[in-house]
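All of the numbers you see were taken from the coordinates with simple rules; none came from a lab. The structure presented is a predicted model; accordingly, all values stated were derived computationally and were not measured. Here the Cβ positions follow ideal geometry from the backbone for every residue, glycine too, while neighbour counts run over all protein chains shown.
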Amino acid sequence: MNIALVGVGKIAKAQHVPNIVASDAWDLVATVALEGTVNGIDSYTNFDTFLQSRKDVEVVSFCLPAIARFDYAVKALRSGLHVMLEKPPAATIAEMNYLRDFADECGRTLFTTWHSQMAPGVRPAKKWLSDKVIKEASVRWFEDIRQFHVSNLDEESGSGGTKRNQDWIFEPGGIGVFDTGINAISILTEIMPNGLRVTDASLVYPENRNQPIAAELVLNSTINASFNFRHEGPPVWDMHITTDQGEIFLERSATILTIDGKKIDLGPSQEYAHLYKRMAELIQAGESEVNLDPLVLVADAFMLGTREVSNAFNF
């Protein structure tokens with residue numbers, strides 16, 4: 001199928017493009033972005049022009065920030081295209097409810113992707129936990145925002161070695177530290193044997209920013225989750241779960257799994273390859289897959305969380 005990539009930033013270059021190109025299911029035929037292109041692929045800077053010009057495209061994969069996606073996704077569905085959404089799938093739950101219903105009305109596939117759910121440790125962890133009682137769990141999702149949210153314009157558009165700070169992450173709809181924290185939450189919603197709810201939350205906002213840079217969440221009164229964008233050193237993406245029948249460790253964003261002290265052989269991580277394989281399967285079956293659970297929990301954290309103010313943050 002012919003696919004177009006909308007948004008050509010850091011994650012698109014690192015994950016989407018190589019996995020699309022490597023798949024027999026897809027032909028990457030166009031990109032749409034204000035900045036950034038892919039060598040050898042037709043590029044557009046205006047989405048309406050793209051829709052009018054490329055009637056050969058069957059699927060669009062959206063990688064631009066969530067705050068900007070809704071109108072584009074509506075236009076794509078109205079034009080008869082199937083739609084794939086990078087996480088988080090939209091800026092609000094209401095937007096996603098509308099897109100889900102509109103995709104059904106249009107008879108098109110809509111896929112809300114959660115790449116961390118495709119990590120190799122997720123499925124075996126879910127199977128092992130399925131008959132266990134959760135006693136307590138701790139989650140630490142720490143990273144240096146400057147490592148993952150500063151783009152090199154030379155890599156994206158050939159404009160030289162200038163760095164661009166991704167300030168959108170601290171604007172309304174950017175969700176701040178939950179841009180990484182929602183990956184942990186997506187794993188929890190997939191592996192935990194019972195539903196999750198936010199029972200307590202504390203959000204830390206830099207005095208010059210509109211979104212949190214750190215957060216502490218309690219889920220189901222037994223799961224403590226800590227998120228931090230001001231971490232120094234290598235990222236920490238780990239969770240430890242104690243049950244009535246043993247304990248389980250998921251490390252490095254569920255790419256390392258240890259159960260009761262025994263390390264499980266998982267093989268390589270192929271998160272985005274699995275996402276694009278799943279998208280092809282959904283289209284072939286004429287189905288959509290819309291999972292809002294991680295987004296709902298983040299929204300609930302904002303609704304219930306207390307607010308703390310920290311020192312200003314600048315890239």
Exercise. Given DSSP loops and a limit of at most 15 other Cβ atoms within 10 Å, what is the longest stretch of the chain that contains no such trypsin sites (Lys or Arg not before Pro)?
Worked result: 56-196
Exercise. If you line up the long axis of helix 93-106 against the longest principal axis of the chain, both from Cα atoms, how many degrees apart are they, to the nearest 10?
Worked result: 50
Exercise. Going by alpha carbons, how many degrees (0 to 90, nearest 10) lie between the helix axis of 178-191 and the longest principal axis of the chain?
Worked result: 70
Problem set entry | Along the chain, longest interval not containing exposed GluC sites (Glu not before Pro), exposed being DSSP loop plus at most 16 other Cβ atoms within 10 Å | 36-206
Exercise. Dipole of the chain, Cα-centred, from +1 at each Lys and Arg C-beta and -1 at each Asp and Glu C-beta, to the nearest 20 debye?
Worked result: 160
Seminar exercise, completed: Among K13/K127; K135/K262; K87/K132, the pairs whose Cα-Cα distance exceeds 27 Å are K13/K127; K87/K132
Problem set entry | Stokes-Einstein D (µm²/s) once Rh is taken as the Kirkwood radius of the chain over alpha-carbon pairs, at 20 °C in 1.002 mPa s | 105
